[in-house]
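The block underneath contains the structure these notes are about, expressed in structure tokens.
A short reminder: the numbers here are calculations on the coordinates, not readings from a lab. For clarity, every value in this text was computed on a predicted model and none was experimentally measured. In this analysis, Cβ positions are derived from the backbone assuming ideal geometry, glycine residues included, and neighbour counts consider all displayed protein chains.
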Amino acid sequence: MRTELLSLLWLVVTVGGYYVLKPLYRRHPRWWTSPLFTVPLLLAALGLVLGMNYPVYIRDTHWLVLMLGPATAAFALPIFRYRRLIQRHWPALLVGVLGGSAMAIGSAWGLATWCGLDDAVRRSLLARSITTPLAMLMSADIGGVPELTALFVVITGVAGIALGELMLRVMPLRSALARGALFGVGAHGAGTAKAYDIGSEEGSVASLAMVLAGLLNVLLAPALAVLLR
Amino acid sequence: MKTLHARMRWFAWHWPQLARWSQVLVIVLVWFVCDQGGRRLHCPIPGSLIAMALLLLALLGGVVPAVGLRRGADWLLAEMLLFFIPAVMAVWEHLPLLQAEGGRILLVILAGTALVMLTTAVLVDLMFHWNRRRAH
């Protein structure tokens, strides 16, 4: 099949698959019914037939990834809507984001060293907890491979939805603030989407925590790069 | 200003679909200008964050009413999972590496993410209750 047609087919399957499989998640919200899991599964199955060629795949779908930029900008609205909440609770949020980000970097470095992963992978893992566009930026700063980081970020997102759900069941968290921050710092945009399913207050705390964690990490990246040289 | 805001509110109420798409377009344009501008000036802060700060300032300053962006922003945020999917397919580029180290990478991500969530939730919960007790 011609490359242009194949690229177009990938785009149609990606967008079509997403809209077909989304109602499934709405009816049974579990991590394994999330479109972030089911659609790549569908694409991978189709890839066995059509060939797993990423450059051909991304040719027409790259503009979908670009839309993450405006989506990040759109976070201005939930932050504005919940500005009172932020004014009241900024110390708790700041402490949570600082502690969570330190744990994200520390645990990734420690566990990756312990597992004997190679250096490029280890560096790419450091930025995995923050939102994709910022993670790719940070990864480039600290000597990782931005594309690998993007992949790890997404795996973190899918894993984070499942883990977060589990944790809320196990841990007696009494405040919407803690429930939201858990998703925002631990699982970036995917977690934020999940947090909105739980409640709009949790969702906005999650989006705010996500933005704060992302900013903090990007601003600290140059210092971290010097430290890890 | 007042009449413009009133008009935007009326527009969003009477043509919700049209309002949504035009708002998405406005957000995309703001992002595009910030992204290109930031790149031209070699700004270390990514364009998406500059755009977010700009939109937030516009909302806080009352230049744009929240109704004027709400539908568009909600759509972008709701469909964010779709925008992530093509990034996942980068797996195909790194199949040999992932076959060799995939299991361990997954372990690091799962254990690390659990630790991050635990730390964040416990810290925020402690701070929240400490704050409330102090306020009483």
Overall form of region B:15-136 per C-alpha gyration tensor (a/c, 1.5; a/b vs b/c)
oblate
Taking neighbour counts of Cβ atoms within 10 Å as a proxy for exposure, in what order, fewest first, do A:His188, B:His5 appear?
B:His5, A:His188
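Helix-only estimate, please: 222 nm mean residue ellipticity of chain A, summing -39500 (n - 2.57) across DSSP H runs of length 4 or more and dividing by its residues, to the nearest 500. Please report the intermediate quantities before stating the final value.
Details: 11 runs with 192 residues, N = 229.
Helix-only estimate at 222 nm: -28000 deg cm²/dmol.
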Approximate shape of region B:81-136 as ellipsoid semi-axes (Cα gyration tensor, √5λ), whole Å, largest first:
39, 16, 5
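What list do you get for A:Lys194, A:Lys22 if you sort them by fewest beta carbons within 10 Å? Each step should come with its number before you reach the end.
On the way: A:Lys194 25, A:Lys22 19.
The most exposed by this proxy come first: A:Lys22, A:Lys194.
Counting Lys and Arg as +1 and Asp and Glu as -1, each charge on the Cβ, what is the dipole of region B:1-78 about the Cα centre in debye, to the nearest 20?
Values: 8 positive and 2 negative charges, 43 e Å.
Dipole magnitude for region B:1-78 comes out near 200 debye.
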Under the Debye formula (equal points on every Cα, no solvent term), log10 I(q)/I(0) of chain A at q = 0.17, 0.18 Å⁻¹
-1.30, -1.39
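Report the extension gain between A:Glu147 and A:Leu94 in nm, rounded to one decimal, defined as 0.36 nm multiplied by the number of residues separating them, less their alpha carbon distance. Show your work: numbers first, answer last.
Numbers: separation 53, 0.36 × 53 = 19.08 nm, distance 2.91 nm.
Stretched out fully, the A:Glu147 to A:Leu94 stretch lengthens by 16.2 nm.
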Other protein chain Cβ atoms within 10 Å, averaged over every residue that makes up A:187-198
2
To the nearest 500 deg cm²/dmol, what mean residue ellipticity at 222 nm is calculated for chain B from DSSP H runs of n ≥ 4 alone, each contributing -39,500 (n - 2.57), summed and divided by the residues?
-28500 deg cm²/dmol
Applied in sequence order to region B:103-108, the curve 6.51 cos²θ - 1.76 cosθ + 1.60 (Karplus, θ = phi - 60°) yields integer Hz couplings, x standing for Gly and Pro, of x, 5, 4, 4, 4, 4
GNM flexibility winner over chain A from A:Tyr82, A:Tyr18, A:Tyr54 (Cα, springs under 10 Å)
A:Tyr54
Residue-wise HN-Hα coupling along region A:116-129, computed from phi with Karplus coefficients 6.51, -1.76, 1.60 (Hz; x: Gly, Pro)
x, 6, 6, 4, 5, 5, 4, 5, 5, 6, 4, 8, 5, 7
Based on the alpha-carbon gyration tensor of region B:1-78 and its eigenvalue square roots a ≥ b ≥ c, which shape applies: rounded if a/c is under 1.5, prolate if not and a/b is larger than b/c, or oblate?
prolate
Pick from A:Met103, A:Met67, A:Met138 the residue whose mean-square fluctuation is largest in a GNM of chain A, springs joining Cα atoms under 10 Å.
A:Met67
If unit charges are put on Cβ atoms (+1 for Lys and Arg, -1 for Asp and Glu) and the dipole of region A:135-229 is taken about its Cα centre, the option from A:Gly199, A:Leu173, A:Pro222 lying farthest towards the positive end turns out to be A:Leu173
Whole-Hz ³J(HN,Hα) from phi, Karplus 6.51 cos²θ - 1.76 cosθ + 1.60, for region A:177-187, glycine and proline x:
4, 5, 5, x, 4, 3, 6, x, 7, x, 9
Can you tell me how much longer the chain between A:Leu8 and A:Glu165 gets when fully stretched, taken as 0.36 nm per residue apart minus their C-alpha distance, in nm with one decimal?
52.9 nm
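How do the peptides B:46-54, A:121-129 rank, highest first, by the average count of neighbouring beta carbon atoms within 10 Å per residue? Intermediate values should be presented prior to the final figure.
Values: B:46-54: 22.0, A:121-129: 28.2.
Going from most to least packed, we get A:121-129, B:46-54.
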